[in-house]
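Notes for the one structure printed next.
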Amino acid sequence: MAWYHNFFHGLPQAAWKAAQTEEQTQLDLELLVETLDFGPDDRLLDIFCGYGRHALPLARMGARVTGIDISEDYIAEIQAIAKAEKLAVTAVAADFLTMSQSDFGSNDSFDVAYCLGNSFSFFPRPDMLAFLTRIAGLLKPGGRFLAHSEMIAESVLPDYQARNWQPIGNEGDESILFLVENEYNALESRIDSHLTYVRAGETQTRTAQHFVYTLAELRRLFTEAGLTVIDCYGTVDGDPFSLGDEAVWLLARKT
C-alpha cells in the first residue's frame, strides 16, 4: 500500500486546506482557463481534486467536472456542495491508478485534465508512466493536460532543505505548527519527509515520499505515455520556466 493511502486525514488534511489562499486558487483557475482551451459543457477531469477548490468554481462556470481523490472526507464535502448548488460535478473517492474504468462515468472521454496542488510527484517511474498513460487514455484526441509540481530536480535540489517549520492558518484561527525533516535518497531520486503537525496540544505525525524527476525525464515519460509537452511554465502567471523556480507547470496535448 502506498504512503498516500493513509496520509490524508486529521491534522495534515486540515493543514493543507488552511494553507490554500483565495488568491492562489484564483490564479490557478485563470491559468487553467487560459491554457486548457475548454468551453461550456466540456468534460474536465480533476486528478487529486482535494476539497474541490478548482472543481467547484469550474463547474459554476458551466463545465462538467469529474474529481478523483483518495480522501473520502474531501469527496463527501464536494458532493454535498455540488448537490446543494446543483452543479455538474461527479466526485469519486478512489485511487486514480487502480480505480475501475466504470467509475469515470458512461462517457469516459474527457476534453481536458489537470493535476494541481503538488500531487504530481507521488510515483516511482513505473507508476508515473502508468499514471500518465491512464490520463492519455481518458483524454479525447488533442485533449490537453496541465500538471503542477514543486518537486522537480531543477526546483527542489538547488535549495534543498533538510529541515523546516512554519505555522499554518489564518490570523485569528487556531494555527497548526508544521515541522518537516527531509532525507534525500539519491539512488532512488526520492525525498522521504517526516512530518509533524501540532495544534492545541494535539500532535500527529506522517511520512511522505516524493520522487524527484528532471524536466527532461518527465518529458520522456509524457511522450512514452502518448502526451506531447507543448509548454513549460515557472510561475502561475505563465512565465517560462527557469532553473531554480519554485514550481513547474507542464502543459501537454494528447498525441
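How large is ³J(HN,Hα) for each residue in segment 66-80, as worked out from phi by the Karplus curve 6.51 cos²θ - 1.76 cosθ + 1.60 (θ = phi - 60°), to whole Hz, x for Gly and Pro?
10, x, 10, 8, 7, 7, 5, 5, 4, 5, 4, 5, 4, 4, 5
With each run of n ≥ 4 DSSP H residues scored as -39500 (n - 2.57), what mean residue ellipticity at 222 nm is computed for the chain after dividing by its residue count and rounding to the nearest 500 deg cm²/dmol?
Per the formula, -8500 deg cm²/dmol.
Eigenvalues of the Cα gyration tensor times 5, then square-rooted: what semi-axes does that give for segment 155-209, in whole angstrom, largest first?
26, 13, 7
With no solvent and one equal point scatterer per Cα, compute the Debye intensity ratio I(q)/I(0) for segment 165-255 at 0.16, 0.25 Å⁻¹ and report its log10, rounded to two decimals.
Here log10 of I(q) over I(0) equals -0.88, -1.15.
I'd like the distance between the alpha-carbon centres of segment 98-143 and segment 210-255, rounded to an integer number of Å.
When both Cα centres are located, 16 Å separates them.
If each residue's Cβ is checked for other Cβ atoms within 10 Å, how do HIS5, HIS148 rank with the fewest at the top?
Result, fewest neighbours first: HIS5, HIS148.
Applying a 10 Å radius around every beta-carbon, put 8-16, 246-254, 185-193, 113-121 in order of their mean neighbour count, most first.
In decreasing order of mean packing, 8-16, 246-254, 185-193, 113-121 become 113-121, 246-254, 8-16, 185-193.
Please report THR228, THR21, THR235 as a ranked list, fewest other C-beta atoms within 10 angstrom at the top and most at the bottom.
By the 10 Å Cβ count, ascending, the order reads THR21, THR228, THR235.
So, with +1 on the Cβ of K and R and -1 on the Cβ of D and E, and no other charges, what is the size of the charge dipole of the chain about its Cα centre, to the nearest 20 debye?
760 debye
Could you list, bin by bin from short to long, the percent of Cα-Cα pairs of segment 48-188 in 5 Å steps?
Bins of 5 Å from zero give 2, 8, 14, 18, 18, 15, 11, 9, 4, 1 percent of pairs.
If each residue of separation counts as 0.36 nm, what is the full-extension length gain between THR25 and LEU187 once their alpha-carbon separation is subtracted?
54.8 nm
Per residue of segment 27-33, in order, report the coupling 6.51 cos²θ - 1.76 cosθ + 1.60 (Karplus, θ = phi - 60°) as ³J(HN,Hα) in whole Hz, putting x for Gly and Pro.
5, 4, 4, 5, 5, 4, 5
Restricting to the chain, what percent of DSSP beta bridges are antiparallel, rounded to 5?
Around 70 percent of the beta bridges assigned by DSSP in the chain are antiparallel ones.
Computed on alpha carbon atoms, what radius of gyration and Dmax characterise the chain, expressed in Å?
In order Rg, Dmax, the Cα atoms of the chain give 17.8, 52 Å.
Which lysines, on any chain, are close to LYS254 with Cα under 23 Å apart, when same-chain ones fewer than 8 places away are left out?
Cα-Cα hits under 23 Å: LYS140.
Among HIS148, THR98, ALA88, which residue has its Cα positioned farthest towards the positive end of the charge dipole of the chain, with +1 placed on the Cβ of Lys and Arg, -1 on the Cβ of Asp and Glu, and the dipole taken about the Cα centre?
THR98
If neighbour count is taken as other Cβ atoms inside 10 Å, put SER175, SER100, SER149 in order from fewest to most.
So the ranking, lowest neighbour count to highest, is SER100, SER175, SER149.
Since every read-out is calculated from the coordinates, none of them should be taken as a lab result. Predicted model, so just to flag it, every value in this text is computed and none were measured. No Cβ is skipped: glycine too gets one built from the backbone with ideal geometry, and neighbour counts run over all protein chains shown.
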